[in-house]
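So the structure is just underneath, and the comments pick up after that.
The values are calculated or read from the model by the stated rules, or taken from the named source; none is laboratory data. Keep in mind it's a predicted model, so treat the numbers as computed, not measured. A quick note on method: Cβ atoms are made from the backbone with ideal geometry, for glycine too, and the neighbour counts reach across all protein chains shown. Please note that ligands, DNA and RNA were not included when accessible areas were found on the heavy atoms of the full protein model with its side chains. Shrake-Rupley method; radii C 1.70, N 1.55, O 1.52, S 1.80 Å.
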Amino acid sequence: QVQLVESGGGLVQAGGSLRLSCTASRSMFSINTMGWYRQTPGKQRELVATITSAETTVYADSVKGRFTISRDNAKNTLFLQMNSLKPEDTAVYYCKGVYRLINNWGQGTQVTVSS
């Protein structure tokens, strides 16, 4: 099992930036794929971005060119840099780590973008 704790959410105006962090309870050298997902009320959780241990990245079309996912294995931390934020980016953002084929989720952090 891996415990994941997100931080960095908050309220920001449209066009602004936020940086989310996700700290893992075990070495991230042992966690291959990590990712960020988001969810709004009444909707399914959706992929935002993923990154493998080889640092191969995948982004949702809606965030390409605005968001950047990265990982610092030495600090056991996953990041999501979010620029040019839009009101439609408002959601609870969750961190996920796949460890021994099991999905481990954080508790989520709220991001609210005002127009």
Criterion (open to solvent by 30 Å² or more (accessible area, probe 1.4 Å), within 24 Å of residue 11 (Cβ to Cβ), touching a residue at least 40 places away in the same chain (Cβ under 8 Å) and aliphatic (A, V, I, L, M)) met by exactly one of 92, 113, 98: 92
Residue among 19, 38 that alone is in contact (Cβ under 8 Å) with a residue 60 or more places away in the chain, within 11 Å of residue 95 (Cβ to Cβ) and basic (Lys, Arg): 38
Index of the failed condition, residue 74 passing every other in (1) out of contact with any Phe, Trp or Tyr (no Cβ under 7 Å at 6 or more places or on another chain); (2) at pLDDT 95 or above: (2)
